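Computed from the coordinates by the stated procedures, all read-outs in this text should not be read as laboratory data. Just so it is clear, the structure is predicted and the values come from calculations on it, not from any experiment. Methodologically, a virtual Cβ is constructed for each residue, glycine included, from the backbone with ideal geometry; neighbour enumeration extends over all protein chains shown.
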Amino acid sequence: MKLPEFAVKNYQFTLIVFVAVLALGIYSLFTMPRSEDPETHPPQFTVVVVYPGTNPKDMEQLVVDPMEKKIHELDDIKHITTDISDGLAVMQIIYKYSSNPDDKYQEVVREINSLRSELPADIADIRINKQIPSDVSIYQFALVSENTSNATLKKYSKELKERLEKIQALKKVAYAGVPEHQVNIRLNIQKIANEKLTQNNVIAALQSENVNIPGGNISMGNRKLNIKTSGNFSSIDEVKNTVIYSAQGKVVYLKDVADVSLGYEDETHITRLNGYRSSFINASLKDKENIISVQEKVEQLITAFKKDLPAGIDLVKVFDQAKSVDVRLSHFTRDFGIAILLVLITLLPLGTRASVVVMISIPLSLAIGLTLMNVLGYNINQLSIVGMIVALGILVDDSIVVVENIERYLRMGYGKVEASIKATSQIGIAVIGCTVLLIFAFLPIVFLPEAAGDFIRSLPLSVITTIFASMLVSLTVVPFLASIILKPHQSEEGNFLLRAMKKGIHGTYGTVLNKALKKPVITLLIIGGIFVASLALVPVIGSSLFPKSEKPMFLIDIETPEGTNLSTTNKVTRYVESVLKKVPEISSFSTNVGKGNPRIYYNVIPKNESENYAQIFVQVEGLETREKVAVIEKVRKELHGYPGANIKVKDFEQGPPVDAPLAYRIYADDLDGLRKTAFDIASLISKVDGTIYVNNPLLVKPTDLKVTINKEKAALLGVASADIDRTVRLGAAGLNVATYREDSGKADNYNVNVSIPRNNDLQDISMFDRLYVPSASGINIPLKNVATIGFESSPNQIRHYDKDRYVTISAFVKPGYNVQRMDEEITEKLNKFKFPKGFSFKVAGEKESKEESFGNLGVILIVTVFGFLGVLILEFKTFKSILIVLSVIPLGIVGGLIMLFFAGETLSFTATIGFIALVGIEVKNSLLVVDFTNQLRAQGKGIEEAIIEAGEIRFVPILLTSLTAIGGLLPLVIEYSELYSPLALVLIGGLISSTLLSRLVTPVMYKLLPPKIAMD
């Protein structure tokens, strides 16, 4: 190999290149975007259709079916799910994850627009929303005040929003929890009748006065002047003085037949912080921006804004992701320091100078790895840093092996330069082979499909880029540094630590190896038995997908029966708040009644407005994950069994979103039968020990008021059905007929709402007694003369999954219960359940997500396996050598499973990744032994002599590399995280068992299957 020779003899060039690389790495470190979690870009879109007045069945037939048919014909569609309710349809369009989100968004927009002509003309709105991960709020502020007016609270909320919008890196700054102004026009029906007018006359007058048509421009002399026309209403007096009727010298103004005032829209979203009235202001970070650099600008802005607030309003920072990222990164920096210290300790047997050479290779390898990650477009997040720490234990392997070999040549009497070149060249091909094998081992993780693969990808890529860099460094910089720093040894056996290590290896390992070589078959049977016995731990350990989030926060979802009003939901929420106030570990809680909390976690999408829904975002700052889980359980017990409401206390989950760990889709066209079966399945699941929050969306059939028009009577009186519908709308919610905009500064547009007087803040059933409908003759007729009012059970929400009707029955799992085993138990019961004809079910939830995450790996697994074989064939040229090297793979599984068992962890997504990565590390160590054994045999030594000598000589670098890897990984276990600690545990356990057992298996297999070697 010529590369080490070139690097040593042209050391000036080598030095310049790697100083430049180091500079690039430092530049990348300070300029790369930082975020807490990796950025994912799912090709998923939401289509929201608003069609007032339709029931679910009509909406399904007129709107959803043709839209689903059109969308389903598109390429790369994975799933379409639709929730259909009264006047509303929400369709989720999910493409195959490999699709380009921007192209597919344009495709959806194009197809929906082309379909508009075939859909009902009176659809109120169709919105197409794109899911953007960076829409997650990095800040949530609260303006808290119990006695400030809505107008003042809104004024300062809006001002803070506008100031935050001026920070370039922020986007989607919005405030919530303050009702918007509107001009309320309360019609006096009696006065309107006395003037021989109808409500339609009032509405028409307001609409005609509110037309905003550009006047154009004219020329006057040498100037061009724009013409301004009347436009929107700009004052309350202007609204009051709107002319409703003018004839024969008589003028009727709006103020003569209605009360006009500036009020507020009906409250649909109530917000509180720690039980106190507040408004929330949220801000998100733009793509590719650095969250840490934004922090200082926001802090300065908030400090200045606080000084401008009046007495009675407090500004509180509710949520700060930048602080969380800062803490996380500082912890990782500390872990890095500990890891480097532990690595340094493990290098002491090599001697101080050799350790210095190896330590210099660490920052260089990390700098190259970081630069490559930057070039590939990845940011610094918790997973890419974990990848760097995992790589830290591996990247020194190449340098250790090279330095140890150079040291061996120095002890043999070679000069520094010659030893550096010869030793590196001798082991260079093996080092390249080891690195390529490691890269192939991590490839399946890089190419994992779906959202889980996208989420985890920065981890294996940071490992791959760093170990590739370490290979380059070990073949160039390390021999160059060794030729300068290392010196010939006084003792051929090295320093006292190395001598002690060799003596210990010879006294223990040498003895055991001799015995194993005498009885190779029995040795393999014993070790094979250990492997088989360890597999018995798999069902005991159980499996899971992604773990709970370790962030000190959780959510409480409150759902009252469908049809419950906001006031009742608010009363339930107040009770929950009273419980939370008694829990000392809770640092703050943010309440949202009528809507979900603004998005503060990457895989939780807030629920849209619904009067029977509330959500509380709870923070428990300073608590470890296990302490947080204990608080969640405590709150669950306190809130369990609350009458008339479904209260769920939920932890945040890592990875792609899963609605519930246990979920089962039941398919059927018969809606009544589907509802009955849903009851039975929910009952079945609730009886399984360990389930909580069993959810059946069809549990309650909502009751509505039905206005039934007597069409014959209406026709005789000249009353149109459309006028009846509009009158009911006018009475219940009011009609927005015009726009009001104050003529000052950055004023907002407000709706002008026409309605009838109310007895309370919200309209009640007595309104029907006060409603009059205009007739063709111009006479107002009481509504109850042409229509009857009665109660009616509404059809439940209809759900579609890939055009089929279905319902999902879901459940959460109590702590301490294994999701996989519970899922198997429920699936077995469902298989025995007697479904009606035409019914079927499918397991969803965590199991489905797991299948998607690890599915479709066929091609990459084939590439990986044959890539492994290809590298080994190039290295050894014989299939026997390949078989010997690969025989160590099961040995790491033993330690990995035992470590998971004793740590109480499950076989999670990241633990599985640990096992995949372990394959490359094990094979790399085995390759070094087999390669050196072949070299000794080529020099003329006998099989057994070569096996023993190679085993003992290569034991030192293998032991050192294993110890350094374990030292690098230990901080990931100590700094416990449910996301990455299982990965570290698997690697540590696997390294221990593999290092010990493979030192016997490889020599024994070599003796049983000795490859042919050409003599030098």
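Summarising the overall dimensions of the range 345-430 from its C-alpha atoms, the Rg and Dmax are 15.5, 48 angstrom.
Considering only 185, 727, 421, and ranking their Cα positions along the charge dipole of the chain that arises from unit charges at the beta-carbon of Lys, Arg, Asp and Glu, the one farthest toward the positive end is 421. Under Stokes-Einstein, with the Kirkwood radius over Cα pairs standing in for Rh, what whole-number D in µm²/s applies to the range 358-511 at 10 °C and 1.306 mPa s? It comes out at roughly 94 µm²/s. Partners of residue 518 within straight-line reach, counting aspartates and glutamates whose Cα lies under 14 Å from its Cα and excluding those fewer than 8 residues away in the same chain: 944, 945.
Bridgeable lysines around residue 70 (alpha carbons under 23 Å apart, same-chain partners fewer than 8 residues away excluded): 57, 78, 96, 104, 130, 803. Put simply, the Cα atoms of the range 230-377 extend 111, 37, 28 Å along their principal axes, the longest span coming first. Pairs from the list 2/1007; 154/307; 69/650; 286/551; 255/706 with a Cα-Cα gap above 26 Å: 2/1007; 69/650; 255/706.
Between the residues 136, 344, 948, the greatest Cα displacement towards the positive end of the dipole of the chain, with unit charges on the Cβ of Lys, Arg, Asp and Glu, is found for 948.
Treating each Cα of the range 44-131 as an identical point scatterer and summing with the Debye formula, the log10 of I(q)/I(0) at q = 0.15, 0.23 Å⁻¹ comes to -0.50, -1.14.
Selection among 54, 88, 119 by position relative to the dipole of the range 44-131 gives 88 as farthest towards the positive end (Cβ unit charges, Cα centre). Treating the Cα atoms of the range 696-846 as identical point scatterers in vacuum, please give the log10 of the normalised Debye intensity I(q)/I(0) at q = 0.09, 0.10, 0.18 Å⁻¹, two decimals. Taking Cα atoms of the range 696-846 as identical point scatterers yields -0.61, -0.69, -1.11. Applying 1/(1 + (r/R0)^6) with R0 = 45 Å to the Cβ-Cβ distance of residue 941 and residue 98 gives a FRET efficiency near 0.25. Based on alpha-carbon atoms, the Kirkwood radius and the radius of gyration of the range 1-89 give Rg/Rh equal to 1.52.
When the P(r) of the chain is calculated, the portion above 53 Å amounts to 34% of the C-alpha pairs.
Of the Cα atoms belonging to the range 820-943, the radius of gyration and Dmax stand at 21.9, 77 Å. Basic side chains Lys and Arg get +1 at the Cβ, acidic Asp and Glu get -1 at the Cβ, and with that the dipole of the chain about its Cα centre reaches some 1380 debye.
Most tightly packed first, judged by the mean number of other beta-carbon atoms within 10 Å of their residues, the peptides 650-661, 990-1001, 682-693 read 990-1001, 650-661, 682-693.
In this Cβ point-charge picture (+1 for Lys and Arg, -1 for Asp and Glu), the range 639-678 has a dipole of about 140 debye about its Cα centre. Computed about the Cα centre, the dipole magnitude for the range 828-904 is approximately 420 debye when only Lys and Arg (+1) and Asp and Glu (-1) carry charge, each at its Cβ. Which percent of the Cα-Cα distances in the range 550-652 go past 18 Å? Result for the distance tail: 43 percent.
Within the straight-line cut-off of under 16 Å between alpha carbons, the lysines reachable from residue 595 are 571, 607, 648, sequence neighbours fewer than 8 places apart in one chain being disregarded.
For the range 427-537, what is the Kirkwood estimate of the hydrodynamic radius, computed as the reciprocal of the mean inverse distance between distinct Cα atoms, to one decimal in Å? Value: 18.8 Å, from the Cα pair sum.
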